[in-house]
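Accompanying notes for the structure given below.
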Amino acid sequence: MLITQDGRRPDALIRQALTGTAAQLALLALLGSTVGLGAVGWLAGTAAAVTVWAVLIRALRRSGALSLGPADRVTVARATLIGGVLALVADSGPHSAPLALVALSVPALVLDAVDGKVARRTETASAVGARFDMEIDALLILVLSVFVSTFYGVWVLAIGAMRYAFAALELTLPWMQAPLPPSFARKAVAAAQGIALVLAASTLLPNPFGAAVVGLSLALLVWSFGRDTIWLWQSSRSQLGLPRLRLGGTGE
C-alpha cells in the first residue's frame with residue numbers, strides 16, 4: 001500500500017495515475033524487448049504518459065471528479081496504446097516497426113467506438129471525458145501522420161495538424177467557439193482518417209495506392225472542417241441578425 005510522507009494514502013486519482021504510468025512503462029518495456037526501443041522512444045513514451053495524466057487530473061479535479069469514470073478508463077487504455085505508438089515513431093521515424101505500430105493503433109481505433117458507448121450506458125458522460133477522448137484521437141492521428149509522411153511526403157502532416165489549426169482559430173475568432181451540432185458525417189470522416197493512416201502505415205499498400213488513400217482521406221477532412229467552419233460563420237451572422245450568405249457570396 002502506497003503511503004505519503006504525512007502518513008495518508010494518496011487519493012484515487014493519484015493512485016490511478018501511478019497505475020496508468022506503470023502500465024505505460026510496462027508497454028514500453030515490452031516494445032523494448034521485442035522490436036527494440038531506444039532512449040528517445042522511452043523518453044517520448046514516458047513524457048506522453050506523465051503529460052496526459054497531469055492534464056487529465058487537473059481537468060477532473062476542476063470538474064469536481066474524485067476518480068476516473070468507466071469510460072475514462074477505456075480512454076486511458078487507448079492513451080497507453082498511443083503512447084507506445086508515439087514511442088516507436090519518435091525512436092526510429094521511418095525505421096519504426098510497422099507491424100508493431102499497427103498492432104497498437106488498431107485496438108486504439110477500435111476502443112474509440114467503445115468509450116462513448118460505455119459513458120452512455122453507465123450514464124457517466126461528461127464534458128471532461130468527451131474532451132479527453134477527442135484530444136487522444138487527435139494525438140493518434142498526429143503521430144500516425146508523422147509516420148506516414150516519411151513515406152509519402154510532408155503534405156500528410158496536414159491531416160494531423162488540421163485539428164490543432166482549427167483549435168487555434170477557435171482561440172482567435174470568437175464566432176468559431178460556438179458548439180457544433182452533432183454530425184454523423186463528421187464522425188465518419190474522423191474515423192476514416194485513422195483507418196487510412198493505419199493502412200498506409202502498415203506498408204502493405206503499393207505506394208501509389210497508399211498515397212491515393214491518404215490523399216482522399218485528407219480531401220474528406222478538408223471538406224469536413226470547411227463545412228463546420230462555414231456553418232459556424234453562418235450561425236454567427238444569424239445571431240447578429242445578418243442574412244446568411246451562399247458560398248458564392250450573394251445574399252439569400
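The values are calculated or read from the model by the stated rules, or taken from the named source; none is laboratory data. All of these numbers come straight from a predicted model, not from anything done at the bench. Cβ coordinates were reconstructed from backbone atoms using ideal geometry, including for glycine residues, and neighbour counts include every protein chain displayed.
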Inset, instruction - Restricting attention to the range 178-201, report how many residues are under 13 Å from residue 228 (Cα atoms), part of a helix (DSSP H, G or I) and of a type in the set (S, T, N, Q). - result: 0
Inset, instruction - Name every residue in the range 60-74 that is in a helix (DSSP H, G or I) and either of a type outside the set (Val, Ile, Thr) or crowded, with 24+ Cβ neighbours inside 10 Å (or both), in order of residue number. - result: 60, 61, 62, 63, 70, 71, 72, 73
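For every residue, the table says whether it meets (1) of a type in the set (A, V, I, L, M, F, W, C); (2) more than 22 Å from residue 38 (Cβ to Cβ); (3) out of contact with any Leu (no Cβ under 8 Å at 6 or more places or on another chain).
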{"site": "100", "(1), (2), (3)": "yes, no, no"}
{"site": "114", "(1), (2), (3)": "yes, yes, yes"}
{"site": "117", "(1), (2), (3)": "no, yes, yes"}
{"site": "123", "(1), (2), (3)": "no, yes, yes"}
{"site": "127", "(1), (2), (3)": "yes, yes, yes"}
{"site": "134", "(1), (2), (3)": "yes, yes, yes"}
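Condition test on residue 218, is it at pLDDT 95 or above, part of a helix (DSSP H, G or I) and in contact with a helix residue (DSSP H, G or I) (Cβ under 7 Å, 6 or more places away or on another chain)? Give the derivation first.
Numbers: at pLDDT 95 or above: yes; part of a helix (DSSP H, G or I): yes; in contact with a helix residue (DSSP H, G or I) (Cβ under 7 Å, 6 or more places away or on another chain): yes.
Yes.
Can you say whether residue 110 is surrounded by 15 or more Cβ atoms within 10 Å (Cβ to Cβ) and either outside any helix (DSSP H, G or I) or not small (Gly, Ala, Ser) (or both), as far as the supplied structure shows?
Working: surrounded by 15 or more Cβ atoms within 10 Å (Cβ to Cβ): no; either outside any helix (DSSP H, G or I) or not small (Gly, Ala, Ser) (or both): yes.
No.
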Legend entry - Residue check for residue 152: under 13 Å from the mean Cα position of the chain (by Cα), under 25 Å from residue 225 (Cα atoms) and at pLDDT 85 or above: no
Inset, instruction - Please go through the range 178-189 and pick out each residue that is surrounded by 12 or more Cβ atoms within 10 Å (Cβ to Cβ) and either free of Cβ contacts under 8 Å to residues at least 12 places away in the same chain or among the polar types (S, T, N, Q) (or both). - result: 183, 187
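Yes/no per residue for (1) closer than 26 Å to residue 105 by Cβ; (2) of a type in the set (Phe, Trp, Tyr); (3) surrounded by 17 or more Cβ atoms within 10 Å (Cβ to Cβ):
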position: 191; (1), (2), (3): yes, no, no
position: 207; (1), (2), (3): yes, no, no
position: 212; (1), (2), (3): yes, no, no
position: 216; (1), (2), (3): yes, no, no
position: 222; (1), (2), (3): yes, no, no
position: 225; (1), (2), (3): yes, yes, yes
position: 236; (1), (2), (3): no, no, no
Legend entry - Unmet criterion (only one of (1) among the small types (Gly, Ala, Ser); (2) free of Cβ contacts under 8 Å to residues at least 24 places away in the same chain; (3) under 30 Å from residue 30 (Cα atoms)) for residue 153: (3)
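Name the residues in the range 144-176 that are of a type in the set (Val, Ile, Thr) and surrounded by 13 or more Cβ atoms within 10 Å (Cβ to Cβ), would you?
Of the residues in the range 144-176, the ones of a type in the set (Val, Ile, Thr) are 146, 148, 150, 154, 156, 159, 172.
The answer is 146, 148, 150, 156, 159.
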Legend entry - Members of the range 31-48 found to be within 20 Å of residue 143 (Cα to Cα) and either assigned to a helix (DSSP H, G or I) or within 19 Å of the chain's Cα centre (by Cα) (or both), listed by number: 31, 32, 39, 40, 41, 42, 43, 44, 45, 46, 47, 48
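Residues checked against (1) more than 19 Å from residue 108 (Cα to Cα); (2) buried (at least 16 other Cβ atoms within 10 Å of the Cβ); (3) of a type outside the set (D, E, K, R):
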{"position": "16", "(1), (2), (3)": "yes, yes, yes"}
{"position": "36", "(1), (2), (3)": "yes, no, yes"}
{"position": "48", "(1), (2), (3)": "no, yes, yes"}
{"position": "76", "(1), (2), (3)": "no, yes, yes"}
